[in-house]
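Presented below is the structure to which this report refers.
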Amino acid sequence: MSSNETLVKPEPNAPKGIQMTTATVGAPRRTAAAPAPIPFARLAKVELRKMFDTRSGLWLMISIAAVAVIASIAVIAFAPDSAITFQSFAAAIGFPMAIVLPIIAIMSVTSEYSQRSGLTTFTLVPQRGRVIGAKAAISLLVAIVSMVVAGVVGALGNLLGAAIAGVDTVWNVSVAQFTGIVLANVLGMAVGFAYAILIRNTPGAVVAYFVYALALPTVTGLLAGLQDWFNTARPWVDFNYTVTGLFDKLPDGGQGWAQLATSGAIWLLLPAAIGLRQVLRSEVK
Amino acid sequence: MITVSDVSKSYGRGKGGRALLAVDHVSFTARPGRVTGFLGPNGAGKSTTLRVVAGLTPADAGSATVLGEPIAALPNPGVQVGVLLDASAQHAGRTGRETLILSQLTMGLPRARVAEMLELVSLTADEADRRVRNYSLGMRQRLGIATALMGEPEVLILDEPANGLDPAGIRWMRDLLRDYANRGNTVLLSSHLLHEIEVVADDLVVIGNGRIVADGTKEQLLSSAGTFAAAADLDALQGALQAAGVGVSGGTGGLTVDAEADQVGRIALAAGIPLRELRPAGSAGLEEMFLQLTADTQREGVAA
């Protein structure tokens with residue numbers, strides 16, 4: 001039999017003994033109103049919970065506080081007295097944070113695919129864009145809370161370090177500078193998130209992020225040194241370079257923000273848009 | 001109610017290679033109050049079809065609806081459709097209980113449902129607090145069933161739910177599905193094992209090579225599976241039946257005849273052969289039919 005014609009035509013209302021006493025074939029069992037849609041806040045709550053409910057997730061979260069503390073201790077132990085300033089602590093904490101936060105964002109997306117829990121997640125919430133939105137919102141929340149934690153740890157380290165070294169405490173990070181650091185970390189995390197929805201595989205997305213964050217700057221830096229035109233164009237097209245600038249200060253004019261926007265469109269928005277399109281259309285295996 | 005209408009899905013397009021047509025214009029309906037068995041050999045397209053219904057795989061053509069809507073249009077699918085496609089697709093690092101809590105939260109159900117479900121699927125509190133990576137396939141299957149049933153959906157879609165269950169577990173699953181359908185719900189379950197499906201299903205949909213090859217109630221398919229006839233002189237009986245132009249195949253201690261019992265009786269009477277046994281071939285015949293229907297796709301290449 002090779003055609004798809006049916007061997008036996010089913011009778012729509014074939015009598016079936018006792019089952020017929022409890023069910024009316026062809027009619028829905030309940031006439032209750034349709035259930036309420038799932039609110040976004042509920043999805044966000046679920047995604048927040050997923051960040052903490054595995055050992056790897058929990059340790060990543062703990063590592064945020066841990067690296068802040070370890071970096072502060074390192075500054076106190078090794079920095080010369082003249083370098084016991086808030087800026088030293090902010091820089092020491094900021095670097096590992098720029099690694100850990102993107103990994104948290106990446107794992108929140110890719111674990112659904114690598115661990116295949118997405119089969120359940122996307123069956124319960126077929127509007128996959130809402131799940132991705134909830135993950136993005138929670139990643140942003142984690143980033144901001146982490147930066148506050150890091151700021152507090154850094155401030156305590158600065159107070160403690162100054163007391164130990166017997167020097168005056170130096171608060172040489174302005175609100176604008178701190179905002180720049182937060183923005184830089186959030187944008188770095190966003191790049192990780194974008195690569196995660198584009199690649200949908202944990203090692204792949206982590207490697208892609210490290211290439212972007214650690215390997216690419218060497219290449220672009222070399223190119224900028226050799227080619228004058230690229231040195232001029234670099235802030236407009238090299239997002240990592242532009243974002244790294246935020247650690248020093250916020251852009252002080254329209255051009256700086258425009259550079260952030262154009263380079264961000266290339267390295268963040270484009271992969272995010274392609275990734276989102278793929279998440280919505282691809283098979284969840 | 002699940003309606004699959006003319007669904008097609010192929011893989012591997014591009015690069016000049018021939019596309020593999022995994023599902024080829026598949027249509028069938030799973031009705032409320034009944035267990036519909038979705039039967040086919042490995043690679044016949046069962047899982048792909050169920051994934052299309054669950055909204056995880058986009059169909060190239062055709063549509064699938066659950067309760068009259070594509071699953072993506074349901075406001076809170078979990079409380080309307082319970083789905084278990086692959087019991088091993090669960091986060092290995094979460095505990096079983098946590099896995100259920102996430103589903104409970106997503107669906108907006110009371111927390112008490114988690115404990116109720118654990119009890120229903122016979123996972124102890126101790127087991128529930130273990131990480132899923134330490135679960136056997138049978139335990140994962142139970143956890144998956146718990147997730148699917150948690151929202152008290154009126155439609156259940158299960159892909160090979162008996163995999164990894166021990167005999168007692170299979171019996172438990174069968175009773176649970178029977179009971180679930182008896183309460184007016186729609187149950188669609190797939191299997192590559194005829195016997196597993198036969199004992200629980202009311203309706204059967206048989207798929208081979210991506211196409212529906214048989215579709216009907218179990219009784220209809222059983223009665224269409226021919227007649228079993230036995231006589232002291234089997235050769236004479238076979239000769240008489242063949243002379244009458246009826247399809248005959250040999251079996252253990254008798255013949256499977258492609259005709260109604262009445263006709264077989266008349267042929268035997270006319271030939272003066274006393275019959276020892278005459279009855280619908282039933283499940284043995286259904287198995288024979290299943291193997292023949294799917295012979296094209298059987299990896300073992302069963303001779304039809």
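Here, each number is a calculation from the coordinates, and none is a lab measurement. Just so you know, these numbers come straight off a predicted model, no measurement behind them. Every residue, glycine as well, gets a Cβ built from its backbone with ideal geometry; the counts of neighbours run over all protein chains shown.
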To test your reading of the geometry: what angle, between 0 and 90 degrees and rounded to tens, separates the Cα axis of helix B:167-182 from the longest principal axis of chain B? 90
To check you understand DSSP bridge types, tell me what percent of the beta bridges within the range B:2-215 (both residues inside) are antiparallel, rounded to 5. 50
Read phi for every residue in the range A:233-242 and hand back ³J(HN,Hα) as whole Hz from Karplus 6.51 cos²θ - 1.76 cosθ + 1.60, θ = phi - 60°, with x for Gly and Pro. 7, 3, x, 7, 10, 9, 5, 4, 5, 5
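If you average over every viewing direction, what projected area does the convex hull of the Cα atoms of the protein assembly as shown give, in nm²? Before the final figure, lay out the partial values.
On the way: hull surface 140.3 nm².
So the mean shadow area of the Cα hull is 35.1 nm².
The range B:10-73: which trypsin sites (Lys or Arg not before Pro) are DSSP loop and have at most 10 other beta-carbon atoms within 10 angstrom?
Working: sites: B:ARG13, B:LYS15, B:ARG18, B:ARG34, B:LYS46, B:ARG51; in loops: B:ARG13, B:LYS15, B:ARG18, B:ARG34.
Filter output for the range B:10-73: B:LYS15, B:ARG18.
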For chain A: relative contact order, % (alpha-carbon pairs under 8 angstrom, 6 or more apart): 21
Which of A:ILE103, A:ILE73, A:ILE181 moves the most in a Gaussian network model of chain A with Cα springs under 10 Å? A:ILE73
Folded to 0 to 90 degrees: helix A:86-114 orientation relative to chain A principal axis, Cα: 20
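With a 10 Å Cβ neighbour count serving as the proxy for reagent exposure, in which order, fewest first, do A:SER282, A:SER146 appear?
Working: A:SER282 14, A:SER146 24.
With the fewest neighbours first, A:SER282, A:SER146 line up as A:SER282, A:SER146.
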In degrees from 0 to 90, rounded to the nearest 10, what is the angle of the helix A:270-281 Cα long axis to the longest principal axis of chain A? 20
Tabulate in residue order the Karplus-calculated ³J(HN,Hα) for the range B:113-119, using 6.51 cos²θ - 1.76 cosθ + 1.60 with θ = phi - 60°, rounded to whole Hz; enter x for Gly and Pro. 4, 4, 5, 4, 5, 4, 5
Neighbouring Cβ atoms within 10 Å as the yardstick, rank B:VAL246, B:VAL26 fewest first. B:VAL246, B:VAL26
Can you work out ³J(HN,Hα) from phi for every residue in the range B:121-137, in order, using Karplus 6.51 cos²θ - 1.76 cosθ + 1.60 and θ = phi - 60°, giving whole Hz and x for Gly and Pro? 9, 6, 9, 6, 4, 5, 5, 5, 8, 7, 6, 4, 4, 8, 7, 6, 4
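Please compare each pair in A:LYS285/B:LYS9; A:LYS135/A:LYS285; A:LYS285/B:LYS46; A:LYS135/B:LYS46; A:LYS45/A:LYS285 to a cut-off of 22 Å on the Cα-Cα distance and tell me which ones are over it.
Values: A:LYS285/B:LYS9 15 Å; A:LYS135/A:LYS285 19 Å; A:LYS285/B:LYS46 15 Å; A:LYS135/B:LYS46 32 Å; A:LYS45/A:LYS285 25 Å.
Result: A:LYS135/B:LYS46; A:LYS45/A:LYS285 exceed 22 Å.
Per DSSP H run of n ≥ 4, the term is -39500 (n - 2.57); total these for chain B, divide by its residue number, and report the mean residue ellipticity at 222 nm rounded to 500 deg cm²/dmol.
Numbers: 11 runs with 105 residues, N = 304.
Rounded to the nearest 500, the figure is -10000 deg cm²/dmol.
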